[in-house]
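Contents: one structure, followed by commentary.
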Amino acid sequence: MSATPARTDVSRLGRRPTPWRRLRNRSLLYVALILYLIVACFPIYYMLMSTLKADYDLIDPSVNPFWFKRPLGLEHFQYLFSQTNFPIWGLNTVVVAACVLGITLAICIPGGYALARLRVPGAQHLAVGIFLTYLIPPILLFIPLNQLVANLFNLENSRWALVLVYPTFTIPFCLWLMMGFFKRVPKEIEDAALVDGCNRWQAVRRIVLPVSVPGIVTAGIFAFTLAMQDFLYALVMVSSSDQKVINTGVPTELIRGDVYFWGELLAAALLPGILIAFVYNFFLDYFVQGITGGIGK
Amino acid sequence: MAQFSIEPAVVAERVPRARRFRVPGEALAGYALVSPAVLYILVLVAYPFFLALYLSLSNVTVAGGFGGFVGIANYLRIIHDPTFIKGLENSLSFTFFAEVGKSVLGIGLAFLLLQSLRGKKLIRGLLMVPFTMPLPLALLGWKWMYDPQFSVINRVFGDMLHLMHQPYPVWLGDPVFSWFAILIVNIWRGFPFAAVIVLAGLTSIPKDILDAAKVDGAGFFRTWHFVIVPLIAPILFIGLIYDVTFTLSDITIVDVLTQGGPNGATETLPMLAYQNGIIGGNLSSGAADALILFPLLFAGLVFFLRMLFRRTVEE
């Protein structure tokens, strides 16, 4: 390990370590990390274990809660896909998230480019203003928005209501992200295209957009995952089962009265939950950069 | 055409500026390109916001329609309502203690993640799952862990480690334990985010400043207090404001776990707003319940704005 230099210098604060100190520090580090990992991942592990176990194993007090006695199986997943509305909610979720992605990009690519590159008076203020709306939480808006969506847009109790409202929180974020990406594309290459006789549109289409593909993909996937995190709007605006998304369908419909079907319930939570968590993880750094306005870069 | 005799880098600097000046439509085109975003925000954020304000100042129910403008009567009524007081109390205490818990755990984790580790990407990814997994879904796991009969927490700390004695707590059915149950999930969900924020701050500190502190003989805690914290204060505050905003306004945890119960013990303002405004159909009460959070959120917003502007001006 001595061959690998410490990543940053904050970690090298304090006295110079003797071999004994070093060993002690390393083991403390790993013990602490393992404790953190247990805290973070235990609920997930327990969910996984509980979905795979046979129903009777869940309530049998002689079974170790971390392990199993009767054979593990995938019956709960089978039941989920064949006997519940879970596939419909899954489809709704994907449809909603994909449409939100489309709307967000269609609005944020031109908007971001204009704010980053065109001589627009007050661009900076406009950008900050739009970005700040991200800090207005849904709880302040959900009652009137629900009325608006039902009365003005005629989307009462429909998944399309969510397609309409989710961009309110993806646009501020993704516009800010796109602006940042476009600012980082060197001006020189665009100018070179202009000098070579392209007009502005051609320069953008042939030069700037192709270079910005990673940024566009990031913003798109970001909008996609962000749309899958909402609960309040989905809870308030959609109540019929065939229009629900996973986030509300699973907690509101798979809990039936006081009787819980934990195996199916946890399978339904775990499957999409882990998938989304996995994708989101790759974009977490952009999320942090977005929130902090890039201060941490 | 004298520009072409200048070296390329300088041309790149100059040409666009000259060109831009010659395109009068550029600003117009710019506004046209941003206008969909602005329109979206105006129609679906700004307008509903003022509508909420208007609702809270009048008397509107789903069933009865518009019942007249009543000024601050809704606010006066709700602040004398014990349920509201309990909700306000809980909203503030959950947010405060959750932020303390997240900060302590988050700062600790950030320093751990600074070290060179094998498989750091994987470890970090696993540690972030509480934050990246959609909350309503993760909450179902917690609901099962807090189950009145089969709570794994009781089994581990009671049956296996003997740290708790019978009768074991009914986590979501007892006024005190349910309060802690909600707080625990709040902290669990948010500490990874606190850690990445602190980490982003720590990695942004220039190396020479830390070297200087070292040369001057500052130990770890002095360096943390006098050098690191002042330097990363902006990023910490922004992370905090963001997190406070979303902790204060979250409805998911309470709705999935307790729905405000037992007997109002875990009632929060967002939950009240939902219960009054949507389930009870009293739009005005619901709007007032939610908007009473706004002064708190607004203070955060102003602070955020100042930070952001200070930075962009420096740029």
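Among the residues of region B:224-264 satisfying the criterion of being at the interface with another protein chain (Cβ under 9 Å from one of its Cβ atoms) and acidic (Asp, Glu), which is farthest from residue A:284 (Cα to Cα)? Show your work before the answer.
Within region B:224-264, the first condition is being at the interface with another protein chain (Cβ under 9 Å from one of its Cβ atoms), and the residues that meet it are B:224, B:228, B:232, B:234-235, B:238-239, B:241-242, B:245-246, B:248-252, B:255-256.
Pick out the ones that are also acidic (Asp, Glu) and you get B:250, B:255.
Values: B:250: 20, B:255: 26 Å.
So the residue we want is B:255.
So which of A:208, A:165, A:204 is among the aliphatic types (A, V, I, L, M), in contact (Cβ under 8 Å) with a residue 40 or more places away in the chain and crowded, with 23+ Cβ neighbours inside 10 Å? Don't jump to the end; show me each part of the working.
On the way: A:208 fails: crowded, with 23+ Cβ neighbours inside 10 Å; A:204 fails: crowded, with 23+ Cβ neighbours inside 10 Å.
Step by step, each of A:208, A:165, A:204 is checked, and only A:165 is among the aliphatic types (A, V, I, L, M), in contact (Cβ under 8 Å) with a residue 40 or more places away in the chain and crowded, with 23+ Cβ neighbours inside 10 Å.
When residue B:179 is tested against (1) touching a residue at least 60 places away in the same chain (Cβ under 8 Å); (2) part of a loop (DSSP other than H, G, I, E, B); (3) of a type in the set (Phe, Trp, Tyr), exactly one condition is not met: (2).
Going by what's in this entry, would residue B:228 be described as of a type outside the set (Asp, Glu) and more than 21 Å from the chain's Cα centre (by Cα)?
Working: of a type outside the set (Asp, Glu): yes; more than 21 Å from the chain's Cα centre (by Cα): yes.
Taking the combined requirement at face value, the residue satisfies it.
Figure legend. Inter-residue proximity from region A:283-297: first residues modelled with pLDDT under 70, second residues outside any helix (DSSP H, G or I), beta-carbon distance below 6 Å, spacing 6+ or different chains. Indicated pairs: A:296/B:204. The set of residues in region A:76-112 being surrounded by fewer than 23 Cβ atoms within 10 Å (Cβ to Cβ), among the hydrophobic types (A, V, I, L, M, F, W, C) and more than 13 Å from every other protein chain (Cβ to nearest Cβ) consists of A:77, A:81, A:88, A:91, A:94, A:95, A:98, A:99.
Residue-level check: of (1) within 12 Å of chain A (Cβ to nearest Cβ); (2) aromatic (Phe, Trp, Tyr); (3) surrounded by 18 or more Cβ atoms within 10 Å (Cβ to Cβ), residue B:157 misses just (3).
The sole residue among B:223, B:245 that is assigned by TED's automatic domain parsing to the domain that holds residue B:140, among the polar types (S, T, N, Q), more than 30 Å from residue A:237 (Cβ to Cβ) and in a helix (DSSP H, G or I) is B:223.
Right, residue B:210: surrounded by fewer than 18 Cβ atoms within 10 Å (Cβ to Cβ), more than 30 Å from residue A:232 (Cβ to Cβ) and in contact with a helix residue (DSSP H, G or I) (Cβ under 9 Å, 6 or more places away or on another chain) or not?
Answer is no for this residue.
Highlighted here are the helices (runs of 4 or more DSSP H) found entirely within region A:113-204 that include at least 2 residues which are hydrophobic (A, V, I, L, M, F, W, C) and more than 8 Å from chain B (Cβ to nearest Cβ): A:142-151, A:159-165, A:167-184, A:187-195, A:200-203. Of all residues in region A:179-192, one or more are touching a residue at least 60 places away in the same chain (Cβ under 8 Å) and under 30 Å from residue A:142 (Cβ atoms).
Of all the residues that make up region B:284-300, how many are more than 18 Å from residue B:48 (Cα to Cα) and either within 7 Å of another protein chain (Cβ to nearest Cβ) or touching a residue at least 40 places away in the same chain (Cβ under 8 Å) (or both)? Don't jump to the end; show me each part of the working.
Initial filter on region B:284-300 (more than 18 Å from residue B:48 (Cα to Cα)): B:296, B:299-300.
Going one step further and asking which of them are either within 7 Å of another protein chain (Cβ to nearest Cβ) or touching a residue at least 40 places away in the same chain (Cβ under 8 Å) (or both), we end up with B:296, B:300.
Going through region B:284-300 one residue at a time, the tally reaches 2.
Quick one: is residue A:219 surrounded by 19 or more Cβ atoms within 10 Å (Cβ to Cβ), in contact with a Cys (Cβ under 8 Å, 6 or more places away or on another chain), more than 9 Å from every other protein chain (Cβ to nearest Cβ) and under 25 Å from residue A:105 (Cβ atoms)? Yes; evaluated as a whole, the condition is true for this residue.
Residue-wise test of (1) out of contact with any Pro (no Cβ under 8 Å at 6 or more places or on another chain); (2) surrounded by 15 or more Cβ atoms within 10 Å (Cβ to Cβ); (3) assigned by TED's automatic domain parsing to the domain that holds residue B:236.
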site: B:96; (1), (2), (3): yes, no, yes
site: B:102; (1), (2), (3): yes, yes, yes
site: B:110; (1), (2), (3): yes, yes, yes
site: B:127; (1), (2), (3): no, yes, yes
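Whether a residue is modelled with pLDDT under 80 and assigned to a helix (DSSP H, G or I) was assessed, and residue A:56 passes this test.
When you go through (1) in contact with a Leu (Cβ under 8 Å, 6 or more places away or on another chain); (2) among the hydrophobic types (A, V, I, L, M, F, W, C); (3) assigned to a helix (DSSP H, G or I); (4) more than 7 Å from chain A (Cβ to nearest Cβ) one by one for residue B:112, which number turns out not to apply? Here residue B:112 meets the rest and fails (4). Whether any residue in region A:136-157 is within 20 Å of the chain's Cα centre (by Cα) and among the hydrophobic types (A, V, I, L, M, F, W, C) is what I want to check. There is at least one residue in region A:136-157 that is within 20 Å of the chain's Cα centre (by Cα) and among the hydrophobic types (A, V, I, L, M, F, W, C).
The values are calculated or read from the model by the stated rules, or taken from the named source; none is laboratory data. Owing to the predicted nature of the structure, the values given are computational and were not obtained by experimental measurement. Don't worry about glycine lacking a Cβ; one is built from the backbone with ideal geometry, like all the others, and counts go over all protein chains shown.
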